[in-house]
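The values are calculated or read from the model by the stated rules, or taken from the named source; none is laboratory data. A quick note: this is a predicted structure, and the numbers were derived from the prediction, not measured. In this analysis, Cβ positions are derived from the backbone assuming ideal geometry, glycine residues included, and neighbour counts consider all displayed protein chains. Heavy atoms of the whole protein, side chains included, go into the accessibility calculation; ligands, DNA and RNA do not. Shrake-Rupley method; radii C 1.70, N 1.55, O 1.52, S 1.80 Å.
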Amino acid sequence: MHALFDPTTFDQALAATSAPLGLFRNAIAACREGMKRLYLEGQPVTELVAARAQTMDQLLLRIWRHTAGSAGEEVALVAVGGYGRGELHPYSDIDIMLLVPEGARERCREEIERFLMFLWDIGLEIGQSVRTVEECVREGQSDITIATNLMEARLLTGSQELFAAMRAATGPNHIWPSRAFFEAKWQEQITRHRKFDDTAYNLEPNIKEGPGGLRDIQMVGWVAKRHFGAHTLHDLVAHGFLTSEEYQALMMGQEFLWKVRFGLHVLAGRREDRLVFDHQRTLAKLLGYDDAGPRLPVEQFMKHYYRTVAQLAQLNELLLELFQEEILYADDLGQPVPINRRFQARKGFIEAVNERVFIRHPFALLELFLHLAQHPELKGVRAGTIRLIRSACHNVDDAFRQDLRCRSLFMELLRQPRGVYTTLKWMQRYGLLGAYLPPFGRIVGQMQHDLFHVYTVDEHTLFVLRNVRRLAIPELAHEFPTLTRLFARVPKPELLYIAALFHDIAKGRGGDHSELGAQEVEGFCRNHLLSDYDTRLVVWLVRHHLIMSGTAQRKDIADPEVIFDFATAVGDIHRLNYLYLLTVADIRATSPTLWNSWKGALLSELYHATRSALRRGLANPVDKEQLIAERRAEARLLFSNRALTDESIDQLWDRLGDDYFLRYTADEIAWHAEAILDYSGEGLPLILIRQETQRGGTELFIYTHINERLFAVTTSLLDQLALNILDARIIPSNDGYSLDTYIILEENGAPISDPRRVLEIEGTLQAALLERAPNPASVQRQFPRQLKHFPIPTQVAFEQDLRNQRTVMEVVSSDRPGLLSRIGRALVGCGVRLHNAKIATLGERVEDIFFITDVDLRPVRESAVLDCLRATIVRLLDG
């Protein structure tokens, strides 16, 4: 590698100048530029991080000689932290400590300040401390982070005697003995991981601090150094704590993460440890990922990243458990408690009775995990046995998968009353789940590059299974009481678990993943000897796992014909029950913010309406006139104001068309009627807000004169108030009034609960809508940073719904503030009326459905009007 620093040339220039600051600045800049060039040329990153540390050594030594004066021999200049390890990325901090003798601080103050000022003047990012040996001991005792930094100290120049005294005084014989050090660092890691939701699979992961990141590798090194006096991770191989293969995996993982981190520094031009969207695509190309295959380069790169950190997290867990046994339980390993001839428990952890168990009895791989599910007192697997499992997974082949004992054990595991999710999670972590189910192995670490799918496909799949399993736990029945009762009536929960495991298993292959997944799960069911009936049910669930959410969120489920069509597709209540449970579990596992009460209410409404249709029989569909009559009669019973006469109620209802009674519940109809008939205000609008409704969100109702700008104005105001609009129903009366309802939630997905917030919304809308010709407000909310990295060209499509005499318009675009208001302006400009809207935001992508007519309440068929809508919406959203 070309040298980043030429000491001879530099020293000649330094001797010839009276203004050295510029010389040092240029040397630092040249070092960074040289590192960048060599990185882009493919120079090994391990050499580059060491080369920068060596260059900093050379520069600091010269600065010390230039500024330290008489303190040069008395004080020890010490590198600590990453610099102490000799590892510096382009913009890593230079952490140093100036170790001074007792009583010498004041005597050396001027030289130390001159040295530090010089470092700041030349632009170095310095982390510095000035301490005596006694202060090192005192501060190290009180702060494990300081103790760790001191442990990595490296003498650059100065008093070797002072440095040696510090190392001895802060060693494990004086402060932080290995047991206390391990417990403190272990708790530190647990706390650190919680900041990242205990998963490495974040959309914008932190490659240093996140689970499986560089800090986890350093954690192993720190404990090894404290307990064994190990200088490198390779020393753990000699101690029997690492196999050669595990050491190589650690080093390869570290090198990959170093390469990513180095690239982040180069791209950001500063210290950066977050793999943010701004850099993911660029870094993928920089590292050589191409467009081959169905996946984008960035998806290939992130899959490599996630698989790497998952493996590093597994090795971290394995080594920490070995340390736990060596350090915490060295004097009390516990007595083995037999489980059967192949396994025993020790201190709450299962272990193989000998190292050849999985060689002699391959099926015991699955038997071990069945024992974990059957014995809730077991806390996990002992580290030595984890290593045996990881090794034995390489021997899982078709013969293993066809072994009747293995197939029976796996199905027995899925039929356990408890522990199914936790056990399968262990199987995934140790590599057995992907080995036994090769299609699952192919989705491990697979990420879809968008803001909607927050987790990798394998993590999402197991979260779906977890959500289903939570319905089986009585203590959690308060979360979803109805679904918990429904789950208890499901005769074979294992069929639901299989559908959960396979529903997305074909993601990333190209083609329809539901259809391909159905083929995969059919093979699994046949191979595991499920009956034809059960196989058909599971295959149907995987093939149609999106049909319920698609119907609820994209179609007008107030339309009896939509319910009839959905009921026909489902076929029977047995399938409906399984599908409902799977759908809720799937949506809740896609993103922490995707599920909300409105989605829950939509799915519940669809489920109950479909169940009624199936009970009534598909040959006997509901009659609209009968449904409207029943709804009016039910609403009449709900009036709390007994002073209202039947005549006044009928006069109001006769002004409203059939659509109104189909799209509102009896409770809503009674609420509207009482408010309208009781309204004593001199002018409209009448604005009502209910904080908790059957529809799962806060319900906003506006009754006013028909105004073509009303939708655009209302949505712009709600958007400016940072409210999420989930549903809109615009119902005109026969005499010039509009009855508009919006289901809204706060930005965090919660219904509006603060009475002051309700007053704010009412006041804002009232003030704006009282104007004679209100105009949509300009939405000034900040555009989220992540959205700019996922531009989606706006697409507008139309479909004629002649049965209901309307046109269905779908708009697909990037999410942004003010989107609905702009669409509302397009509707006004093209002379189109809106009747209903279904709002679906999927991460950065919106897929909104609008039910529209012309001004005469007929479907929009004229090509000129459709072209106007398409062109105007594209211009307003993309222009």
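Would the stretch 287-304 turn up any residue that is of a type in the set (Asp, Glu) and either under 25 Å from LEU233 (Cα atoms) or over 27 Å from the mean Cα position of the chain (by Cα) (or both)?
No, the stretch 287-304 contains no residue that is of a type in the set (Asp, Glu) and either under 25 Å from LEU233 (Cα atoms) or over 27 Å from the mean Cα position of the chain (by Cα) (or both).
Report yes if some residue within the stretch 421-431 is more than 26 Å from GLN446 (Cβ to Cβ), of a type outside the set (D, E, K, R) and touching a helix residue (DSSP H, G or I) at 6+ places or on another chain (Cβ under 9 Å); otherwise report no.
no
Exactly one condition in (1) open to solvent by 40 Å² or more (accessible area, probe 1.4 Å); (2) more than 24 Å from GLU47 (Cβ to Cβ); (3) outside any helix (DSSP H, G or I) is false for TYR289; which is it?
So the condition that TYR289 fails would be (2).
Just to be sure, is ARG536 open to solvent by 20 Å² or more (accessible area, probe 1.4 Å), within 21 Å of ALA506 (Cα to Cα) and either aliphatic (A, V, I, L, M) or touching a residue at least 60 places away in the same chain (Cβ under 8 Å) (or both)?
no
If you go through the stretch 596-636 one residue at a time, how many are open to solvent by 50 Å² or more (accessible area, probe 1.4 Å) and without any contact (Cβ under 8 Å) to a residue 24 or more places away in the chain?
Counting residues in the stretch 596-636 that are open to solvent by 50 Å² or more (accessible area, probe 1.4 Å) and without any contact (Cβ under 8 Å) to a residue 24 or more places away in the chain gives 11.
When only residues in the stretch 842-879 that are part of a strand (DSSP E or B) and touching a helix residue (DSSP H, G or I) at 6+ places or on another chain (Cβ under 9 Å) count, which is surrounded by the most Cβ atoms within 10 Å (Cβ to Cβ)? Walk me through it before giving the result.
Of the residues in the stretch 842-879, the ones part of a strand (DSSP E or B) are 842, 845-853.
Right, trim to touching a helix residue (DSSP H, G or I) at 6+ places or on another chain (Cβ under 9 Å) and you get 846-852.
Working: VAL846: 21, GLU847: 17, ASP848: 21, ILE849: 18, PHE850: 28, PHE851: 23, ILE852: 23.
By that ranking, first place goes to PHE850.
Within the stretch 454-502, which residues are in contact with a Lys or Arg (Cβ under 7 Å, 6 or more places away or on another chain) and either surrounded by 23 or more Cβ atoms within 10 Å (Cβ to Cβ) or touching a residue at least 40 places away in the same chain (Cβ under 8 Å) (or both)?
Within the stretch 454-502, VAL457, LEU462, ASN467, GLU494 qualify.
For the stretch 357-410, list the helices (runs of 4 or more DSSP H) that sit wholly inside it and hold at least 1 residues that are modelled with pLDDT of 95 or more and loosely packed, with under 15 Cβ neighbours inside 10 Å; which are they?
Qualifying helices (runs of 4 or more DSSP H): 357-360, 398-402.
Go through the stretch 113-153 and give me each residue that's surrounded by 15 or more Cβ atoms within 10 Å (Cβ to Cβ), out of contact with any Lys or Arg (no Cβ under 6 Å at 6 or more places or on another chain), under 19 Å from PRO172 (Cα atoms) and not aliphatic (A, V, I, L, M).
THR132, GLU135, CYS136, GLU139, GLY140, THR148, ASN149
Between a first residue in the stretch 639-659 that is open to solvent by less than 70 Å² (accessible area, probe 1.4 Å) and a second residue that is among the charged types (D, E, K, R) and in a loop (DSSP other than H, G, I, E, B), which pairs have beta carbons less than 9 Å apart while being 6 or more apart in sequence or on different chains?
Going by the 9 Å Cβ cut-off, the qualifying pairs are ARG655/ASP735.
Filter the stretch 672-683 for residues that are open to solvent by less than 50 Å² (accessible area, probe 1.4 Å) and free of Cβ contacts under 8 Å to residues at least 40 places away in the same chain; which is farthest from SER733 (Cα to Cα)?
GLY681
Go through (1) modelled with pLDDT of 85 or more; (2) charged (D, E, K, R); (3) over 24 Å from ASP559 (Cα atoms) for GLU630 and report which single condition fails.
Among (1) modelled with pLDDT of 85 or more; (2) charged (D, E, K, R); (3) over 24 Å from ASP559 (Cα atoms), the lone unmet condition for GLU630 is (3).
For (1) closer than 26 Å to HIS89 by Cβ; (2) open to solvent by 10 Å² or more (accessible area, probe 1.4 Å); (3) β-branched (Val, Ile, Thr), each residue gets a yes or a no:
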residue	(1), (2), (3)
GLU161	no, yes, no
PRO172	no, yes, no
LYS185	yes, no, no
THR191	yes, yes, yes
LEU203	yes, yes, no
LEU214	yes, no, no
HIS231	yes, yes, no
GLU255	yes, yes, no
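Would you pick out the residues in the stretch 46-73 that are open to solvent by less than 40 Å² (accessible area, probe 1.4 Å) and more than 50 Å from the chain's Cα centre (by Cα)?
Result: THR67, ALA68, ALA71, GLY72.
Based on what the data block shows, is LEU618 of a type in the set (A, V, I, L, M), closer than 30 Å to LEU203 by Cα and in contact with a helix residue (DSSP H, G or I) (Cβ under 9 Å, 6 or more places away or on another chain)?
Numbers: of a type in the set (A, V, I, L, M): yes; closer than 30 Å to LEU203 by Cα: no; in contact with a helix residue (DSSP H, G or I) (Cβ under 9 Å, 6 or more places away or on another chain): yes.
No, not satisfied.
Just checking: which of the helices (runs of 4 or more DSSP H) contained wholly in the stretch 508-572 hold 1 or more residues that are farther than 25 Å from ILE443 by Cα, modelled with pLDDT under 95 and of a type in the set (D, E, K, R)?
547-554, 560-570
Residues being open to solvent by 50 Å² or more (accessible area, probe 1.4 Å) and outside any strand (DSSP E or B): count how many of those fall in the stretch 722-750.
Going through the stretch 722-750 one residue at a time, the tally reaches 4.
Identify, from the list GLU111, GLU134, the residue that is without any contact (Cβ under 8 Å) to a residue 40 or more places away in the chain, more than 30 Å from ARG270 (Cβ to Cβ) and part of a helix (DSSP H, G or I).
Going through GLU111, GLU134 in turn, just one is without any contact (Cβ under 8 Å) to a residue 40 or more places away in the chain, more than 30 Å from ARG270 (Cβ to Cβ) and part of a helix (DSSP H, G or I): GLU134.
Name the pairs: first residue in the stretch 200-218 and within 15 Å of MET252 (Cβ to Cβ), second residue in a loop (DSSP other than H, G, I, E, B) and at pLDDT below 90, Cβ to Cβ under 7 Å, at least 6 apart or on different chains?
Sorted first by the residue in the stretch 200-218, then by its partner, the pairs are GLY212/ALA200.
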